[in-house]
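The values are calculated or read from the model by the stated rules, or taken from the named source; none is laboratory data. None of the values given here were measured: they were computed from a predicted structure. Every residue, glycine as well, gets a Cβ built from its backbone with ideal geometry; the counts of neighbours run over all protein chains shown.
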Amino acid sequence: MSEKSATAPDRAAAAAPDPAAAPVPDSAPAPAGGLRADGLRLAYDDRVVVDGLDVSFPAGRITAIVGANACGKSTLLRALARLLTPRTGTVTLDGRSVHSIPTRELARSLGILPQTPVAPEGLTVVDLVGRGRSPHQTWWRQWSPADERAVRDALHATGMTELADRPVDELSGGQRQRAWIAMAVAQETPVLLLDEPTTYLDLAHQIDVLDLVTDLNRTENRTVVMVLHDLNQACRYADHVVALKSGRLVAEGRPADVITEPLVEEVFGLRCRIAEDPVSGTPMVVPLSRHTPVARPMMQD
């Protein structure tokens with residue numbers, strides 16, 4: 001199946017109810033955390049980075065945004081978090097424009113972890129995680145047992161309890177990343193945006209962080225949108241993939257439908273073969289180089 005099959009008409013067809021699926025009662029509430037961008041145009045001064053983008057991020061699912069460097073992935077994430085105001089277009093969260101949502105309310109609904117967060121020197125892990133509770137506090141409601149419980153649960157969920165009193169700047173790269181994710185967990189938002197959460201981590205710590213993100217999604221039904229560079233990790237961990245090129249949507253949908261040989265060549269300028277991941281059964285990208293003999297296709301679309 002080529003990436004052309006993941007265009008808007010086919011996405012609409014794919015969204016049609018499955019007759020074999022169990023019926024959902026009319027009274028069942030829709031899961032919280034659905035994000036959409038419509039007609040989005042994003043720019044820095046006169047440099048347009050994203051133009052005319054229509055894309056959706058399913059509630060309660062993990063979405064990976066992929067694309068070559070400087071294609072607009074991080075810029076899109078900043079717009080979703082209301083850190084960048086669109087020139088035109090809208091971003092909506094559960095049907096409401098993020099720009100119409102009061103700041104404190106948005107901070108209780110949506111959390112973002114940037115690429116290279118920096119903690120003040122000497123700040124301990126528990127103090128960093130406690131900062132995630134700021135949106136839940138007001139001048140008449142300061143630190144409470146609920147905040148204490150949220151911090152304790154976040155430390156436990158991320159495996160950071162034993163390191164709670166350690167300064168963040170003394171942690172390893174993987175531990176530091178888990179500490180920042182713990183802060184986002186303590187914020188208790190239904191939507192979590194992660195900008196390249198595996199950057200600078202060795203392979204073992206990359207898997208550790210991605211497993212943690214998956215745990216949060218499966219146990220708490222959190223909507224996760226993350227920028228990833230590794231296509232194989234995107235295929236293995238994401239339910240939904242959004243592929244960008246030069247600020248425009250090329251394809252979105254299930255990893256098996258989006259990550260194809262023609263798409264990888266179009267988006268990344270890379271010849272490859274798509275095989276089946278022997279562990280997860282998801283698409284696995286095998287790059288070809290000038291020094292790689294061109295073999296027969298490993299997996300038919």
Inset, instruction - Can you tell me which residue within region 80-106, out of those that are outside any strand (DSSP E or B) and either buried (at least 23 other Cβ atoms within 10 Å of the Cβ) or on the phi > 0 side of the Ramachandran plot (or both), is nearest to the chain's Cα centre (by Cα)? - result: 80
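Taking residue 232 as the residue in question, decide whether it is without any contact (Cβ under 8 Å) to a residue 60 or more places away in the chain and either in a helix (DSSP H, G or I) or in the same structural domain as residue 125 (by TED's automatic domain parsing) (or both).
Values: without any contact (Cβ under 8 Å) to a residue 60 or more places away in the chain: yes; either in a helix (DSSP H, G or I) or in the same structural domain as residue 125 (by TED's automatic domain parsing) (or both): yes.
Against the criterion (without any contact (Cβ under 8 Å) to a residue 60 or more places away in the chain and either in a helix (DSSP H, G or I) or in the same structural domain as residue 125 (by TED's automatic domain parsing) (or both)), residue 232 qualifies.
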Inset, instruction - Answer yes if at least one residue in region 257-267 is out of contact with any strand residue (DSSP E or B) (no Cβ under 7 Å at 6 or more places or on another chain), touching a residue at least 24 places away in the same chain (Cβ under 8 Å), not assigned by TED's automatic domain parsing to the domain that holds residue 58 and not β-branched (Val, Ile, Thr), and no otherwise. - result: no
Legend entry - Single unsatisfied condition, residue 162 versus (1) of a type outside the set (Phe, Trp, Tyr); (2) without any contact (Cβ under 8 Å) to a residue 60 or more places away in the chain; (3) under 18 Å from residue 188 (Cβ atoms): (3)
Legend entry - Residue count, region 178-206 (criterion: within 15 Å of the chain's Cα centre (by Cα) and either without any contact (Cβ under 8 Å) to a residue 40 or more places away in the chain or part of a loop (DSSP other than H, G, I, E, B) (or both)): 7
Inset, instruction - Assess whether residue 87 counts as being in the same structural domain as residue 231 (by TED's automatic domain parsing) and at pLDDT 90 or above. - result: yes
